[in-house]
Amino acid sequence: MLAAVVRNFHEPIRIEEVDIPEPGEGQVRVKIETSGLCHTDIHAAKGDWPIKPKLPFIPGHEGIGIVEAVGKGVKGIKEGDRVALPWLGYACGMCEYCNSGWETLCESQLNTGYSIDGTHAEYAIGYAKHIAKVPDGVSPLDAAPLTCAGVTTYKAVKMSGARPSDLVAIFGIGGLGHLALQYAKVAGAAVVAVDLFDEKLKLAKELGADYVVNARTQDPVEEIKKLGGADAAISVAVAPKAFEQAFYSLRRGGRLVFVALPADNHVKLPIFETVLNGIQVIGSIVGTRTDLEETFQLHAARRTKVVSETRHLHQVHEAFEEVEKAQAKARLVFKL
Ligand code: NAD
Ligand code: ZN
Ligand code: ZN
């Protein structure tokens, strides 16, 4: 089968012919139809994070396809089902996190396209308990971005506690951000969208943002303060500076949600203002199976719009560059 393979962190990702994988116990093999390109794939391929993937590996964790082989002991999923393979590829099901609705914090978790081979390939293996069925009414093209960008920002908006009277600031209107702003609107909040590029802000407006700020030409802190300050700010921008601006854009009692994972791993936040202003800083990692089901249901009910463009898997290197330079429109999706 064709697969996009990372052999080391310094060379471009490339297409190779590799063996079709066999599903083991509790696993299924999925013939991939679409696979979304998350900025995480770029971090993975460059070895950006403190914990690195084991080389070589196939990235991709927004994979949609049809189950075509089922391993021993699989229940609830059968050949012919359309499924989604998310970042949370496996969790133990037994620890305190798994048993309290926080399987995304399981210490034994395996991550698709990172610690297990991912979905930028013609076939991929998934653990049946951790793949989601894609409902009728959600196309494979839309399902792909929803499987990470969607569920992650759906969860982040929940974590932000956004309410109808709130102003929510979204920093970074890329793959995640274009959906984050829609979930904040679904929660009833007013939204201010911040990015460095006017095309991204134009898209944000089309998707319902009430205010937009170009952080290249305007000071987002000043602009958001003029609106009274944000009750919640969600940083999905791949730059520590955006996290700091998000912090200073909050009003008293505000919540700052960290979602993006830039290679430059540290931000500088003041203790005094955090304490006196009662600010909460929250880290938010993807979402659970239930969050993903809810994300799909919202989309099937036409409450959200996925903006994407398709690419062929052979264009994987160019597509990585496009996303890295923030030139892609919202999400790129490989069509297999
Ligand atoms: P993306 O490249 O599609 O979008 C990033 C956006 O941020 C772009 O529109 C870019 O123009 C904008 N941006 C960059 N610097 C900015 C700045 N200083 N101010 C405002 N905007 C700025 O990336 P994506 O796929 O949406 O992913 C975003 C980040 O989220 C990545 O770091 C990714 O690894 C991370 N991520 C985290 C989780 C999680 O569970 N926490 C899940 C998925 C992705
Ligand atoms: Zn992702
Ligand atoms: Zn567990």
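The values are calculated or read from the model by the stated rules, or taken from the named source; none is laboratory data. Just so we're clear, the structure is a prediction, and the values are computed from it rather than from any experiment. Heads up, the Cβs are rebuilt from the backbone with ideal geometry, glycines too, and the neighbour counts pull from every protein chain shown.
Data table
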| item | result |
| --- | --- |
| Residues of segment 274-331 classified as of a type in the set (S, T, N, Q) and within 30 Å of GLY253 (Cβ to Cβ), total | 8 |
| Qualifying positions in segment 82-112 - out of contact with any Cys (no Cβ under 7 Å at 6 or more places or on another chain), away from ligand 1 (no atom under 14 Å from the Cβ), of a type outside the set (D, E, K, R) and farther than 22 Å from CYS38 by Cα | GLY93, MET94, ASN99, SER100, GLY101 |
| Residue within segment 240-253 that is within 16 Å of ligand 2 (Cβ to nearest atom) and touching a residue at least 40 places away in the same chain (Cβ under 8 Å) present | no |
| Among the residues listed as GLY101, GLY113, the single one being more than 16 Å from ligand 3 (Cβ to nearest atom), in the same structural domain as ARG7 (by TED's automatic domain parsing) and not hydroxyl-bearing (Ser, Thr, Tyr) | GLY113 |
| Count of residues meeting criterion [touching a residue at least 40 places away in the same chain (Cβ under 8 Å), assigned by TED's automatic domain parsing to the domain that holds ILE58 and over 15 Å from HIS178 (Cα atoms)] in segment 299-332 | 9 |
| Exclusive hit being outside the structural domain of GLY175 (by TED's automatic domain parsing), farther than 29 Å from GLY137 by Cα and either in contact with a Cys (Cβ under 9 Å, 6 or more places away or on another chain) or away from ligand 1 (no atom under 16 Å from the Cβ) (or both), set LYS75, LYS54, LYS46 | LYS54 |
| Hits in segment 9-43 (condition: within 16 Å of ligand 1 (Cβ to nearest atom) and touching a Ser or Thr at 6+ places or on another chain (Cβ under 6 Å)) | SER35 |
| Test result for ASP291, within 16 Å of the chain's Cα centre (by Cα) and more than 30 Å from MET1 (Cβ to Cβ) | yes |
| Hey, VAL30 under 24 Å from the mean Cα position of the chain (by Cα) and assigned by TED's automatic domain parsing to the domain that holds ARG311 or not | yes |
